[in-house]
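Heads up: the structure comes next, in structure tokens.
The values are calculated or read from the model by the stated rules, or taken from the named source; none is laboratory data. This is a predicted model, so every value here is computed, not measured. Positions of Cβ are backbone-derived with ideal geometry, glycine not excepted, and every protein chain shown enters the neighbour counts. Ligands, DNA and RNA are excluded from the accessible area calculation, which covers all protein heavy atoms including side chains. Shrake-Rupley method; radii C 1.70, N 1.55, O 1.52, S 1.80 Å.
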Amino acid sequence: MAAVTERQILDALGHIADPDKGADIVSLGMVSGVVVRDGNVAFAIEVEPERGPRLEPLRKAAEKAVEALPDVLSVTAVLTAQAKPRSRSTPQQPTPVAGGRAERGTVPGVRAIVAVASGKGGVGKSTVAANLALGLRANGLRVGVLDADIYGPSMPRMLGLSGRRPESRDGKILTPLENFGLRCMSMGFLVPEDTPMIWRGPMVTSALQQMLRGVDWGELDIMIVDMPPGTGDAQLTMAQQVPLAGAVIVSTPQDIALLDARKGLNMFTKVDVPVLGIVENMSYFLCPHCGGRSEIFSHGGARQEAERLGTEFLGEVPLDIRIRETSDGGTPITVSEPDNPHALVFRRIAARIWEKVAGADAPRRAPPRIVIE
């Protein structure tokens, strides 16, 4: 199959006229962030915030124009806006514009959605998220994984799905990829692994909404969302657009990581998302040669923090070479070595998460509305 080029996409979009400005959206500089991979196309259309709600026909027309190109399998167009500064001292703030999206609320077919988050990078959050998802699957549940880390997606590699791409039966709704009984969607399926995503906040927000509701997830008992580190657009989008059943915070034991974990926990609390508990990752190291134990990053800090903050301590996961090797190799330890003691730790934590989520399944919490002045 010949690859569609960015030039072909822009030529097609050059026939789409802005209804208010009388010129095409390419010459007006409205098209940005074009991404092409294996016939899957994504791009943004930048508009003024006040025009966003009535430009949905423009967005659909742009998608249709690109869908008509040979060798295009799917198209994702999002409307983004840049708010005008209120004064010279007020910096511009990106403003997401809803378009082509379902109203705020549940994702069809998905019973519960749990975010796995951390206040900072480098604490093994994605490793924990992948193994918790596989633990839930091993415990008999129907599980999906949404890789919400737009800038650094890890799930394609960790779940052995690198190099594969999702398909679309109708050119609009994507079918998630599957491995080990998990259904997964990630931006890493749509762009090459070494391609940086130079997207502004609104584009990230729209991409997350598209991966949530522009994907045929089928019937799931639970969806695990691997969040990017920090407390930015992705976290706010998930809290605002989706009734999260809860969040799991991952941290290492040392003080500096716990400081950031505390910020993540407080962020979810402020947007009315229940914190299900804290997992201490890299809790200790057992030497494979002598069996000696070393607490490289200290130990017990997450347990103490959970007690201080009044949330549950879900468990501790050691720093172990097999956890690292199996995750890097695309066969996480929970599925490749199910009888390994570390795999059983993940399964126990997963069981506790489901126990808490299933117990709170009804009534479902309405998503909060977040207003930033």
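Per-structure values
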| item | result |
| --- | --- |
| Selection from the range 1-50 of residues that are among the hydroxyl-bearing types (Ser, Thr, Tyr), under 30 Å from the mean Cα position of the chain (by Cα) and assigned to a loop (DSSP other than H, G, I, E, B) | Thr5 |
| Inter-residue pairs, beta-carbon under 6 Å, first in contact (Cβ under 8 Å) with a residue 40 or more places away in the chain and in the range 201-220, second surrounded by fewer than 21 Cβ atoms within 10 Å (Cβ to Cβ) and basic (Lys, Arg), 6+ apart | Gln209/Arg101; Leu220/Arg142 |
| Residue list for the range 264-308, restricted to those being loosely packed, with under 15 Cβ neighbours inside 10 Å, of a type in the set (S, T, N, Q) and more than 29 Å from Leu236 (Cβ to Cβ) | Ser294 |
| Residue count for the range 134-181, restricted to those that are open to solvent by less than 50 Å² (accessible area, probe 1.4 Å) and under 14 Å from the mean Cα position of the chain (by Cα) | 13 |
| Filter result (under 29 Å from Asn266 (Cα atoms), assigned to a helix (DSSP H, G or I) and touching a residue at least 12 places away in the same chain (Cβ under 8 Å)) within the range 304-322 | Glu305, Ala306, Leu309 |
| Neighbours by Cβ (under 7 Å, 6+ apart or cross-chain): first from the range 18-40, in contact (Cβ under 8 Å) with a residue 40 or more places away in the chain and within 15 Å of Ala65 (Cβ to Cβ); second outside any strand (DSSP E or B) and of a type in the set (Val, Ile, Thr) | Asp18/Ile25 |
| Among the candidates Ala247, Ala261, Ala207, Ala257, residue that is buried (at least 24 other Cβ atoms within 10 Å of the Cβ), of a type outside the set (Val, Ile, Thr) and at pLDDT below 70 | Ala257 |
